[in-house]
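A quick write-up on the structure given underneath.
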Amino acid sequence: MALAPYAVSSAQSRGRRVAEAPPTWRDEFQRDRDRVIHSSAFRRLEYKTQVFVNHEGDMFRTRLTHSLEVAQIARAVARALSVNEDLTEAIALAHDLGHTPFGHAGQHALDACMRPWGGFEHNLQSLRVVDELERRYAAFDGLNLLFETREGILKHCRAEDAARLGELGERFRTGQQPSVEAQIANLADEIAYNHHDIDDGLRSGILSLDAIAEHGVFRAALEDSRAAHPGLAGRRLVHTAIRVMLGSFVDDLVTTSRARLAESGCASLAAVRARGAPLVDFSAPMREQHLSLKRLLHRELYNDRRVRRFSDAARDTVRELFEAYFDDAAALPEERRIATDAAPSARARAISDYIAGMTDRFAIAEHRRLVGTPRWPRELLGT
Ligand code: MG
């Protein structure tokens with residue numbers, strides 16, 4: 001399939017940090033995607049919380065299934081817009097590699113621990129994983145991904161981080177946009193979590209169908225589903241309505257973005273980058289619906305008492321683990337230890353990398369080993 005003139009192509013890529021011979025049977029961006037899938041950080045996403053802890057039930061999303069859903073949506077949109085599907089998929093699969101255990105509660109706790117040393121940000125950490133932390137290739141640290149894949153992983157960035165990220169941070173200093181492929185992966189992430197968090201929230205019983213049925217776009221999807229399938233009820237009705245709603249967001253995203261790309265007259269990647277705002281977007285009414293779904297999830301799900309109890313346990317676990325390693329370097333496994341006379345900032349960063357890479361259950365086991373004080377209500381552990 002011919003790529004649009006503004007799509008990223010491997011022929012025009014800014015390349016890898018360490019030069020490599022081109023792959024034999026694959027495109028360069030397919031190679032990036034494959035490296036992400038083979039990374040150990042990717043496998044560990046299976047045991048990292050999305051919203052519900054992994055052991056709360058086998059039916060809930062994890063970071064891994066979230067990443068796969070993002071990749072599926074992103075690829076469909078990339079194909080519809082005739083841009084580079086392999087690059088879009090690579091970005092989508094890699095976007096959460098830097099996520100801590102315990103979802104956002106874990107990230108906030110680690111950020112608080114790291115505040116004296118520049119903080120912790122999962123998006124920046126995803127880049128650290130692919131640039132430095134994976135140790136599997138003979139000739140380089142990290143995965144040595146192409147510039148465009150790394151650029152897509154770095155969705156946002158503070159000014160002080162942009163300054164030290166060189167070429168990759170440039171667009172944050174100059175107000176440029178990333179590729180269409182990166183813009184797609186970003187919105188596919190948002191579409192994916194809105195929909196699967198509603199699904200998981202309903203499954204958990206924390207969200208009620210009545211509460212969400214008040215919401216405009218969900219109500220329309222529910223009414224359409226009932227009209228098309230009279231008598232449909234229970235989980236099948238929920239699945240159908242969520243599927244219809246997801247379809248309506250993807251339809252809107254493709255239609256709106258296609259029109260905006262055409263109107264923009266962009267005939268190159270450089271023209272896309274030079275725009276003042278992203279070209280991939282929802283229409284104004286759907287953007288409002290999207291934001292109001294996010295608000296509903298914050299109010300009804302993420303801030304629910306039961307979810308917060310989990311967040312409190314996660315926060316204490318991460319903070320106490322960090323303190324335990326910081327106070328006693330010997331508590332770290334040998335390959336993670338750094339010299340006791342190293343600068344505190346370097347020690348803190350090494351500990352932060354170690355904790356960020358942990359799965360939920362490994363963090364809980366380490367906490368039990370080093371701290372002892374139980375932080376997890378028994379029912380949250382499923383025991
Ligand atoms: Mg995500």
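The values are calculated or read from the model by the stated rules, or taken from the named source; none is laboratory data. The model shown is predicted, which means the values in this text are computed figures rather than measured ones. Note that each Cβ is placed from the backbone with ideal geometry, even for glycine, and that neighbours are counted across all protein chains shown. Remember, those area values only see protein heavy atoms, side chains included, never the ligands or the DNA or RNA. Shrake-Rupley method; radii C 1.70, N 1.55, O 1.52, S 1.80 Å.
The table that follows gives values for the structure above.
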| quantity | calculated |
| --- | --- |
| Among (1) of a type in the set (Ser, Thr, Tyr); (2) more than 30 Å from Leu3 (Cα to Cα); (3) crowded, with 19+ Cβ neighbours inside 10 Å; (4) assigned by TED's automatic domain parsing to the domain that holds Gln72, the one test that Ser292 misses | (3) |
| Residue among Thr373, Thr340 that alone is among the hydroxyl-bearing types (Ser, Thr, Tyr) and within 26 Å of Arg128 (Cβ to Cβ) | Thr340 |
| Ile198 vs. criteria open to solvent by less than 20 Å² (accessible area, probe 1.4 Å), part of a helix (DSSP H, G or I) and within 16 Å of the ligand (Cβ to nearest atom) | yes |
| Failed condition for Arg361, given (1) more than 30 Å from Leu81 (Cβ to Cβ); (2) surrounded by fewer than 15 Cβ atoms within 10 Å (Cβ to Cβ); (3) at pLDDT below 95; (4) of a type outside the set (A, V, I, L, M, F, W, C) | (2) |
| Candidates Ser268, Ser283, filtered to the one that is assigned by TED's automatic domain parsing to the domain that holds Gly103 and closer than 19 Å to Ala7 by Cβ | Ser268 |
| Flag for Ala162 being in contact with a Phe, Trp or Tyr (Cβ under 7 Å, 6 or more places away or on another chain), over 30 Å from Asp316 (Cα atoms) and among the small types (Gly, Ala, Ser) | yes |
| Restricting the stretch 201-224 to residues that are surrounded by fewer than 15 Cβ atoms within 10 Å (Cβ to Cβ) and not in a helix (DSSP H, G or I), the residue that is modelled with the lowest pLDDT | Glu214 |
| The stretch 57-80: number of residues that are open to solvent by 10 Å² or more (accessible area, probe 1.4 Å) and in contact with a helix residue (DSSP H, G or I) (Cβ under 9 Å, 6 or more places away or on another chain) | 14 |
| Qualifying positions in the stretch 153-177 - within 16 Å of the ligand (Cβ to nearest atom) and either of a type in the set (Gly, Ala, Ser) or part of a loop (DSSP other than H, G, I, E, B) (or both) | Leu154, Lys155, His156 |
| So His122, is it over 27 Å from Val8 (Cα atoms) and touching a residue at least 60 places away in the same chain (Cβ under 8 Å) | no |
| Hits in the stretch 90-106 - residues which are part of a helix (DSSP H, G or I), within 14 Å of the ligand (Cβ to nearest atom) and within 20 Å of Asp131 (Cα to Cα) | Ile91, Ala92, Leu93, Ala94 |
| Any hit, the stretch 51-74, residues being away from the ligand (no atom under 15 Å from the Cβ), in a loop (DSSP other than H, G, I, E, B) and in contact with a Leu (Cβ under 9 Å, 6 or more places away or on another chain) | yes |
| Output for the stretch 225-268, where each listed residue is over 24 Å from the mean Cα position of the chain (by Cα), surrounded by 14 or more Cβ atoms within 10 Å (Cβ to Cβ) and of a type in the set (A, V, I, L, M) | Leu232, Leu237, Val238, Ala241, Leu261 |
